[in-house]
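The values are calculated or read from the model by the stated rules, or taken from the named source; none is laboratory data. Predicted, not measured: the structure shown is a model, and the values here were computed from it. Ideal geometry is used to build each Cβ from the backbone, glycine not excepted, and the neighbour counts take in all protein chains shown.
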Amino acid sequence: MSDGASGAAGRVLGVDAVHYCVTDFPRALRFYGETLGLRKVYELEGGGFAVFEAGGSRLAIDTDWKPHWAPGCPTAALLVEGLERLVAQLEEQGVRVLQRPRRTRWGRSVAVVADPDGNGIELMEPVEPAER
């Protein structure tokens, strides 16, 4: 792939953000900012779009973005510590647990919770180097 200007090939640099469609912007701001504790790094003046950050990764929420090419939005995978404790804390706060913590075949402990719009969010503990 060429960018036309320099003749250099285009390439993927990395994942910029996971993007979620939400229906209630203030509720989503509270969920991602307060309930999950992600740091808000940008909010569009007037609302409707915001970007959060955690551990160098970004997650965007948007009330107007409706992807025509897919029936739903992607799933974010958040790296966490103390997975079982975190799931219990989130459940106490009324967060719906879609999948209880379990060990995957590739060695990670994973759970899935839903945001207020029903979007799935994977919560994953890091794989210990000795277990790889």
TODO: Could you grab me the full set of residues in region 78-123 that are under 18 Å from residue 52 (Cβ atoms) and assigned to a strand (DSSP E or B)?
DONE: 78, 79, 113, 114, 120, 121, 122, 123
TODO: Within region 74-121, work out how many residues are surrounded by fewer than 17 Cβ atoms within 10 Å (Cβ to Cβ) and among the hydrophobic types (A, V, I, L, M, F, W, C).
DONE: 7
Open item on the list: Return the residues of region 76-111 that are among the aliphatic types (A, V, I, L, M), under 18 Å from the mean Cα position of the chain (by Cα) and more than 19 Å from residue 27 (Cα to Cα); say none if nothing qualifies.
Closed with: 77, 78, 79, 80, 83, 86, 87, 98, 110, 111
Task: Hits in region 25-39 - residues which are within 23 Å of residue 87 (Cβ to Cβ) and not aliphatic (A, V, I, L, M) - done: 27, 30, 31, 32, 33, 34, 35, 37, 39
Open item on the list: Please pick out the residue among 72, 46 that is at pLDDT below 95 and either within 22 Å of residue 112 (Cβ to Cβ) or among the β-branched types (Val, Ile, Thr) (or both).
Closed with: 72
Open item on the list: Pull out all pairs, ordered by first then second residue, where Cβ-Cβ is under 6 Å, the residues are six or more apart or on different chains, the first lies in region 10-37 and is in a helix (DSSP H, G or I), and the second is among the aromatic types (Phe, Trp, Tyr) and modelled with pLDDT of 90 or more.
Closed with: 32/52
